[in-house]
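First up is the structure itself, then whatever we jot down about it.
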Amino acid sequence: MRRSITARLIAMFALATLLTFSIIGVVLYCVLERELIRHQNDDLNTNLQNVGYTIQRFTDSVDHWNRLETKLDAITPADGSLRFWVMSDDARFNYGKGLDEMERVNQGEAGYGELTLPISQRTYRTRSMRIAPLQERPAVRLIVGVDMAPFEHTMRAFVVALTLLLLGAMAVVMGMGWWIARIGLRPLQRLSTEARALRPKTLSQRLQLEHLPVELEDLTVAFNGALGRLEDAYQQLEGFNADVAHELRTPLANLIGGTQVALSRPRSASEFQETLQSNLEELERLRSIVNDMLFLARADQGEAATGVTAADVAHEVEMTIEFFEPLLDETGATVAIEGELRAQATMNIALFRRALSNLLQNAIEHSAAGARLVVTITPRAGATWISVANPGKTIAATHLPRLFDRFYRVDSSRHDTGEIHGHGLGLAIVKAVASMHGGATLATSDDGITTIAFSIAN
C-alpha cells in the first residue's frame, strides 16, 4: 500500500490539533469545574452563615422558631434550586422536606457533601453545621443545599461546545494542512519533473539547487551524486562494450581471414592443419576473454571466494613463481621474495595464484630484459598485502586509479619489450580476486618503480 506524504501531513496536523485542543479542553474543563464549585460553595457559605446566625441569636423559643420557618419559606426559591433543612431531637424545631434522607448526606471536608432526593432524583451540594442549644431550643443541625442541575447542565454544554469546536478545528486544520502540504511539496514535484526528464543521453544534467528549501538540499545533492556515479558507470559501460567489441573483433577477423585464405584454393593437408592450428589459437584467445568476463561478472554480483583454506603465503608465491621460470629465463629477469615470509592467510589457493600470476605477467611484460622484480608480503591492519614491484617508466598519477579497470592500458606510459599476450583484463581480475577475499588493491609508481598490490582479509 502506497503512502502519501500529503495524507501523512494532514493526519499529523489533525493529530496535533486533536492533542492540543484536548489538552486545552481538559484544562478549561478543570478550571470551569473548579470555579463553578467555588461559586456553589460561596453561595452555600453565605446562606449557611446568615441562617445559622439567625438560629444562634434569635430562636430561643417555639414562637421565634415559627417566625424563622416563615422566613426560610420566603427565601426558598420555588424552583427548589436552594433548600434548607434543620434537624434536632425535638420535632418542634425541625424544618424541611425529606428529613429522613438527611442522614444519608455524605459529609466531606469542612462539612461539604452531596445528596440525591429519592423522589425528584435531584442532586444537591450541601453544607452543614451544628448549632449549640439556646434556652428552649435544643441543639440543631442546619443543612443548606444548592441544586447541582445548573452546574451539570453548564458542564455538559461546555463539553458539547468544546467537542464541536474540536471537530470544526480539525476540519479546518485538515483543509489548511492539505493546502499547505500542496504548496510545500511543490519543490519536490518540480524535482520529480526534472528527474523524469532525464534520459541516457542527458545524464550530464543535474537537478537544480536554486530556490530549494533547506530540507531538500541534501536529497538533491545526494541525487545529483547518484546521477554523477550513474553517468560514470554508463560511460564506463559504453567504453567497456566498445573494448569488448574491439577485443573480440581481432580474433574473429583472424579466424575469418585465415579460413578464407585457406579456402581460396586447394590446400594440402599440412596447410589445412597449419590453418586449423592458427584458428585454434584464436579460439583459445576468445575462450579466455569469455571466461574472464564471466568470472568478473560473478565477482561484480558479490560472489565470495569459496573453498578457502589456511595457507603459507610465501609458499604459494614460490609455487607461482616456478610457473614463470621459462619466461624468466627467456627475459633474464629475476624475482625476489621479501617481507614477512612466515605469514599465513585464509584463501582460495587457485584464485590467489591466478591474481599473483596476472601481476607477475604484467610486471615481466612491462620490464626491460634482466630486470629484478620484487614480491613483498606485508601483514597489515587485519589483512595480508602481496605487492609486485618492477622497474620501468613511471606511470602518471592520473592513470593509477584506472589501472584496475577492464581493458585499460597505459601503453604510452610503460615500456613494452615484447608482445602483450593479455587482453586488458589481468588487473581487473586481480581486483576481483581481492574483493572476493574481502581485500583491496593499490597501485603506486615513483622513481621508475611501479608497484601493484592486492590484499586478502585475515
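The values are calculated or read from the model by the stated rules, or taken from the named source; none is laboratory data. A quick note: this is a predicted structure, and the numbers were derived from the prediction, not measured. Cβ coordinates were reconstructed from backbone atoms using ideal geometry, including for glycine residues, and neighbour counts include every protein chain displayed. SASA here: full protein model, heavy atoms, side chains in, ligands and nucleic acids out. Shrake-Rupley method; radii C 1.70, N 1.55, O 1.52, S 1.80 Å.
Numbers for the structure displayed
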quantity	calculated
Residue pairs meeting the criteria (Cβ under 6 Å; at least 6 apart or on separate chains; first on the phi > 0 side of the Ramachandran plot, in the stretch 302-314; second open to solvent by less than 60 Å² (accessible area, probe 1.4 Å))	Gly307/Asn348
Checking Thr275 against (1) outside any helix (DSSP H, G or I); (2) open to solvent by less than 80 Å² (accessible area, probe 1.4 Å), the condition it does not meet	(1)
Matching option when the condition is more than 60 Å from the chain's Cα centre (by Cα), among the basic types (Lys, Arg) and open to solvent by 70 Å² or more (accessible area, probe 1.4 Å), among Arg8, Arg38, Arg92	Arg92
Pair list, Cβ under 6 Å, 6 or more apart: the stretch 274-301 residue closer than 20 Å to Leu263 by Cβ, other residue surrounded by 12 or more Cβ atoms within 10 Å (Cβ to Cβ) and aliphatic (A, V, I, L, M)	Thr275/Ala262; Asn279/Leu255; Glu282/Leu255
The stretch 284-311: number of residues that are surrounded by fewer than 11 Cβ atoms within 10 Å (Cβ to Cβ), polar (S, T, N, Q) and closer than 22 Å to Val244 by Cβ	1
Some residue of the stretch 328-348 being within 41 Å of the chain's Cα centre (by Cα), on the phi > 0 side of the Ramachandran plot and not in a helix (DSSP H, G or I)	no
Meets criteria (surrounded by fewer than 16 Cβ atoms within 10 Å (Cβ to Cβ), assigned to a loop (DSSP other than H, G, I, E, B) and at pLDDT below 90) for Asp416	yes
Total residues in the stretch 49-84, condition over 20 Å from Ala149 (Cβ atoms), surrounded by 16 or more Cβ atoms within 10 Å (Cβ to Cβ) and in contact with a Phe, Trp or Tyr (Cβ under 9 Å, 6 or more places away or on another chain)	8
Index of the failed condition, Leu165 passing every other in (1) exposed (fewer than 11 other Cβ atoms within 10 Å of the Cβ); (2) touching a residue at least 12 places away in the same chain (Cβ under 8 Å)	(1)
Test result for Glu316, over 49 Å from the mean Cα position of the chain (by Cα) and in a helix (DSSP H, G or I)	no
Residue within the stretch 23-35 that is acidic (Asp, Glu), at pLDDT 90 or above and in contact with a strand residue (DSSP E or B) (Cβ under 8 Å, 6 or more places away or on another chain) present	no
